[in-house]
Amino acid sequence: MVKNLSQLKRYLTKGAEFKFAEHLSWECIGEWRMVNYADTTGFYTVVPNKPDHYSHEANDGKGLFYGWRKASFWEFRENGVCACYSSDVCKTPNNLFYSIKLFKAGEQSE
C-alpha cells in the first residue's frame, strides 16, 4: 500500500482515517483517528464520531498534531502499517513513537 513518506503524505489528507496499532500512550492503541488538517509540517487528527473527545478542542479545533519527520525516521511495513521512531538509526520498540494502520477506502476495520 504505502511504501514511502511521500506516499504517506499523499494518503494522510483531510478526511483520511487510520487506527493506532502502537503508541507511546497506551490508551491511544486501537483508537481510530481522522485527519482534520494536514500541511507541510504535519497532520492534525480528531476522533471521528466523538465530537466531545478532547482532540476536537486541541490546537484551535484542528486536532492533535503529529509532525512529519524525515523519511529515515519512518518504517513502512506490510499490511498498511507505518511506524514513526524517535531515532533514524535505532528502530526498536524503545524508540517507537507510534505506528498507524492505514485502510483502503471502504475497507472495514479488523
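The values are calculated or read from the model by the stated rules, or taken from the named source; none is laboratory data. Not measured: the values here are computed from a predicted model. Every residue, glycine among them, receives a Cβ derived from its backbone with ideal geometry; neighbour counts consider all protein chains shown.
Of all residues in region 65-82 being of a type in the set (A, V, I, L, M, F, W, C) and within 20 Å of Phe103 (Cα to Cα), which is surrounded by the fewest Cβ atoms within 10 Å (Cβ to Cβ)? Spell out the reasoning first.
If we filter region 65-82 for residues that are of a type in the set (A, V, I, L, M, F, W, C), which is where we start, we get 65, 68, 71, 73-74, 76, 81-82.
Then drop every residue that is not within 20 Å of Phe103 (Cα to Cα), which leaves 68, 74, 76, 81-82.
Numbers: Trp68: 18, Trp74: 19, Phe76: 16, Val81: 18, Cys82: 24.
Here the answer is Phe76.
Suppose the filter is in a loop (DSSP other than H, G, I, E, B) and among the β-branched types (Val, Ile, Thr); does Val2 pass it?
In short, yes.
Only one of these conditions is not met by Lys50: (1) assigned to a loop (DSSP other than H, G, I, E, B); (2) buried (at least 19 other Cβ atoms within 10 Å of the Cβ). Which number is it?
Among (1) assigned to a loop (DSSP other than H, G, I, E, B); (2) buried (at least 19 other Cβ atoms within 10 Å of the Cβ), Lys50 violates only (2).
Just for region 72-110: of the residues that are under 22 Å from Met34 (Cβ atoms) and among the hydroxyl-bearing types (Ser, Thr, Tyr), which one is modelled with the lowest pLDDT?
The residue in question is Ser109.
All but one of (1) out of contact with any Ser or Thr (no Cβ under 8 Å at 6 or more places or on another chain); (2) in a helix (DSSP H, G or I); (3) of a type in the set (Ser, Thr, Tyr) hold for Ser55, so report the exception by its number.
(1)
Select, from Ala83, Ala71, Ala58, the only residue that is free of Cβ contacts under 8 Å to residues at least 60 places away in the same chain and of a type in the set (A, V, I, L, M). Give the derivation first.
On the way: Ala83 fails: free of Cβ contacts under 8 Å to residues at least 60 places away in the same chain; Ala71 fails: free of Cβ contacts under 8 Å to residues at least 60 places away in the same chain.
Only one candidate passes the filter, namely Ala58.
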